[in-house]
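Just below is one structure, and these are the notes that go with it.
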Amino acid sequence: MDFLGSQPKICFLMIGINDLSRQENVDNIFNNYIEIINILQSKKITPVIQSTLLTLDSPTINNTKVILLNKKLKEFAHNKSIDFIDLNKELAPNGALLKEYSSDGVHLNIKGYIIWKNNLAHYIQIHKF
């Protein structure tokens, strides 16, 4: 994480979906998150955890694991007073990414990115970063 030399004030994190597609263990992904957060905080950068996005019937990604990872992340964020943005509330309200927000069931399309951008913009506006 040497690229953090410019000292940003805040870092929005969303990782895990590629790891899950490679069948990585949820606990390993979670531990990587913690390591990244510790590095950010040691550099006085505020971490904000974003939910890992649910998928739409992906053959390589099990949404049960995404839900488990998000549960761990949300609990960790709460216990450490780190903000958690649950993008799945809008993008996957029924437990799977809505078709209208993705062309392949995993990656967002322009409509999905607009919702993501609006969530981040709202967060930044409220917290005045």
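Bear in mind these aren't lab numbers, they're just calculated from the coordinates by the rules spelled out. Quick caveat, the model's predicted, so the values are computed rather than measured. When we count neighbours, we look across all protein chains shown, and the Cβ atoms used for this are built from the backbone with ideal geometry, even at glycine.
Label separation (ASN18 vs LYS128): 3.7 nm, computed from points 7 Å beyond Cα along the C-beta direction.
If you add up the charges near GLY105, with Lys and Arg at +1 and Asp and Glu at -1, over every other residue whose beta carbon is less than 11 angstrom from its beta carbon, what do you get?
Working: positive: LYS99; negative: ASP57, ASP104.
Local net charge: -1.
Could you tell me which of ASN63, SER102, CYS11 has its Cα farthest along the dipole of the range 1-117 towards the positive end, charges placed at Cβ (Lys, Arg +1; Asp, Glu -1), taken about the Cα centre? Projecting each Cα onto the dipole axis, the largest value belongs to CYS11. Here the simple spin-label model places points 7 Å from the Cα toward Cβ, and for ASN25 and LYS71 these points are separated by 1.8 nm. What the Cβ-Cβ distance of ASN62 and ILE34 gives, at R0 = 25 Å and to the nearest 0.05, is a FRET efficiency of 0.70. Here the Karplus curve 6.51 cos²θ - 1.76 cosθ + 1.60, taken at θ = phi - 60°, turns the phi angles of the range 67-81 into couplings of 4, 4, 4, 5, 4, 4, 5, 5, 5, 4, 4, 4, 5, 9, 6 Hz, with x standing for Gly and Pro. Other residues with beta-carbon under 14 Å from the beta-carbon of LEU73 carry, at +1 per Lys or Arg and -1 per Asp or Glu, a net charge of -1.
Report the net charge of residues surrounding PHE129, where surrounding means a beta-carbon distance below 14 angstrom and charges are Lys +1, Arg +1, Asp -1, Glu -1. Don't jump to the answer; show the numbers that get you there.
Values: positive: LYS9, LYS44, LYS128; negative: ASP83.
Value of the local net charge: +2.
Mind checking the dipole of the chain: about its Cα centre, +1 per Lys or Arg Cβ, -1 per Asp or Glu Cβ, Debye to the nearest 20? Can you show the working numbers first?
Details: 14 positive and 12 negative charges, 84 e Å.
Roughly 400 debye, rounded to the nearest 20.
Beta bridges per DSSP, both residues in the range 2-127: antiparallel share near 10 percent. Cα-based radius of gyration for the range 2-127, normalised by 2.2 N^0.38 Å, reads 1.06. Checked against a 27 Å cut-off, the cross-linked pairs LYS9/LYS65; LYS44/LYS99; LYS43/LYS74; LYS99/LYS128 give Cα-Cα distances beyond that limit for LYS9/LYS65; LYS44/LYS99; LYS99/LYS128.
Remark: the range 9-23, residue by residue, has Karplus-estimated 3J(HN,Hα) of 7, 9, 9, 8, 10, 8, 9, x, 5, 5, 4, 5, 5, 8, 6 Hz, where x stands for each Gly or Pro and the curve is 6.51 cos²θ - 1.76 cosθ + 1.60 at θ = phi - 60°.
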